[in-house]
Amino acid sequence: MTTTLPDTATGLFAHVLRYENRATPYPYYTRMLRQPVTCMDDGTWLVSGHQEISQLLHDPRISADRLNPDAPAPAFRSLLVLDPPRHDQLRRLVTQQFIPRIMGMRDHLETLVARLLDAHRGEQPGQLDAVADLAYPLPVTVICELLGVPREDEAVFGGLARRLTRGLDPIDTQTEEELRELQQAREELVQYLEGLIALRRAAPGDDLLSGLMSGTDPEGGMGPVDLRVTLGLLLIAGHETTVNLIANGTLALLRHPDALARLRAEPDLATPLVEEVLRYDPPVQMSGRSTLADIDIAGTTIPRGARVRLMLAAGNRDPRRFPDPDRFVPDRRDNTHLGFGGGLHYCIGATLARAEAQIALTALARRLASPRLVADPPPYRENAILRGPDQLPVSFERLGPDERAA
């Protein structure tokens with residue numbers, strides 16, 4: 001059956017947000033690319049072209065937060081929605097503490113992945129949920145270890161994160177009940193974080209939270225509210241996008257048996273393959289910005305004070321930038337995707353997310369014999385912005401041994 005696609009930017013964006021299109025939004029992105037910069041009926045500008053998105057991500061006239069250039073910025077916001085100079089000060093503090101702690105983690109990540117898969121040893125035939133059994137617990141365990149979150153709190157924090165990420169989607173796509181749950185989740189998260197911070201103040205450790213509490217910057221340190229907001233961002237962003245990256249990568253491999261066979265035989269393929277997953281089916285589909293001045297781009301002018309939607313997933317399928325963009329090419333060359341954003345707000349955790357995905361996907365390819373999708377498409381999460389399967393059942397004939405232990 002042929003699907004009739006809307007012609008207007010407003011109609012295309014509305015269809016991308018609809019849950020019934022969550023499994024297959026890419027035809028709508030393809031249609032958007034016919035006009036890479038266009039204005040929707042509500043005055044929001046939709047930017048879908050790779051070149052245009054890249055230009056705006058590096059343009060100082062674009063703000064991550066303010067919808068009105070004349071309005072004062074809120075006193076305390078997360079890194080995701082802050083502009084320089086405060087963004088740069090806080091990001092520097094986080095980077096100084098975060099990057100050294102993730103260096104040399106590959107052996108530990110391999111051990112965690114092996115442990116998660118080993119839970120299914122002896123099942124012949126077997127089945128696992130690639131989300132619940134691997135893509136979710138791996139990054140959650142890692143970020144909790146880094147931040148010093150007690151292991152017994154992982155389930156509590158994970159449930160809060162799932163409720164909070166729904167709030168990233170446009171408000172008009174959420175029900176009144178979801179909005180009430182979102183507010184309650186925010187209040188619960190504040191209470192939890194304040195308790196965790198108090199615990200670390202009383203007994204500092206060698207974890208990232210303790211490092212952030214003691215870190216200093218010549219241009220301004222991290223106060224109590226900044227600390228709480230940043231901790232919340234790291235806890236949630238530190239795993240939610242990686243869950244989708246691993247799940248989307250698993251889905252791509254099982255839909256492309258040749259790529260799966262190649263990864264099984266060539267583990268070094270994991271590096272370019274994960275970059276292709278980030279291009280082909282990115283965990284973050286779009287990002288919001290606003291303009292601080294008139295910006296001439298693609299033969300039009302986005303006016304000062306306008307809201308802007310950067311359609312990252314559309315830019316990743318732009319045929320002006322990528323040959324045969326709808327094809328999954330595991331060793332694609334010159335793959336300058338937008339999977340981790342760009343510019344000042346390029347993902348701090350990109351290095352860790354890449355490593356987690358490379359190790360998880362390689363282990364799946366090498367240890368699962370004859371893996372098959374139980375349902376295709378699988379059920380997806382409600383989120384339109386952080387898009388990925390909610391469940392991903394995979395059947396297999398047997399689980400092979402952990403080669404590291406041989």
Pair list, Cβ < 9 Å and 6+ apart or interchain, from the range 322-337 residues that are within 20 Å of Ala265 (Cα to Cα) to residues that are open to solvent by 30 Å² or more (accessible area, probe 1.4 Å) and of a type in the set (Phe, Trp, Tyr): Phe328/Tyr280; Val329/Tyr280; Arg332/Tyr280
Among (1) under 21 Å from the mean Cα position of the chain (by Cα); (2) closer than 27 Å to Ala360 by Cβ; (3) at pLDDT 85 or above, the one test that His239 misses: (3)
Filter result (surrounded by fewer than 18 Cβ atoms within 10 Å (Cβ to Cβ), assigned to a helix (DSSP H, G or I) and not small (Gly, Ala, Ser)) within the range 198-212: Leu199, Arg201
Leading residue by the ranking (modelled with the lowest pLDDT) among those in the range 204-236 that are farther than 30 Å from Gly388 by Cα and among the small types (Gly, Ala, Ser): Gly220
Some residue of the range 265-276 being over 30 Å from Arg367 (Cβ atoms), in a helix (DSSP H, G or I), in contact with a Lys or Arg (Cβ under 9 Å, 6 or more places away or on another chain) and not aromatic (Phe, Trp, Tyr): no
Residue match in the range 167-177 (condition: assigned to a helix (DSSP H, G or I), touching a residue at least 60 places away in the same chain (Cβ under 8 Å) and within 25 Å of Pro393 (Cα to Cα)): no
Residue check for Arg279: in contact (Cβ under 8 Å) with a residue 12 or more places away in the chain and open to solvent by less than 10 Å² (accessible area, probe 1.4 Å): yes
Residue match in the range 130-144 (condition: open to solvent by 70 Å² or more (accessible area, probe 1.4 Å), closer than 22 Å to Asn244 by Cα and in a helix (DSSP H, G or I)): no
Enumerated strands (runs of 3 or more DSSP E) restricted to the range 287-401, each holding at least 1 residues that are open to solvent by 30 Å² or more (accessible area, probe 1.4 Å) and out of contact with any helix residue (DSSP H, G or I) (no Cβ under 9 Å at 6 or more places or on another chain): 295-297, 300-302, 307-310
Residue that is touching a Phe, Trp or Tyr at 6+ places or on another chain (Cβ under 9 Å) and not basic (Lys, Arg), where the choices are Pro125, Pro139: Pro125
Given (1) open to solvent by 50 Å² or more (accessible area, probe 1.4 Å); (2) in contact (Cβ under 8 Å) with a residue 60 or more places away in the chain; (3) out of contact with any Asp or Glu (no Cβ under 8 Å at 6 or more places or on another chain); (4) not acidic (Asp, Glu), number of the condition Arg92 does not satisfy: (3)
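The values are calculated or read from the model by the stated rules, or taken from the named source; none is laboratory data. From a predicted model like this one, the values you see are computed outputs, not experimental measurements. Methodologically, a virtual Cβ is constructed for each residue, glycine included, from the backbone with ideal geometry; neighbour enumeration extends over all protein chains shown. Keep in mind that these areas ignore ligands, DNA and RNA; they rest on the heavy atoms of the full protein, side chains included. Shrake-Rupley method; radii C 1.70, N 1.55, O 1.52, S 1.80 Å.
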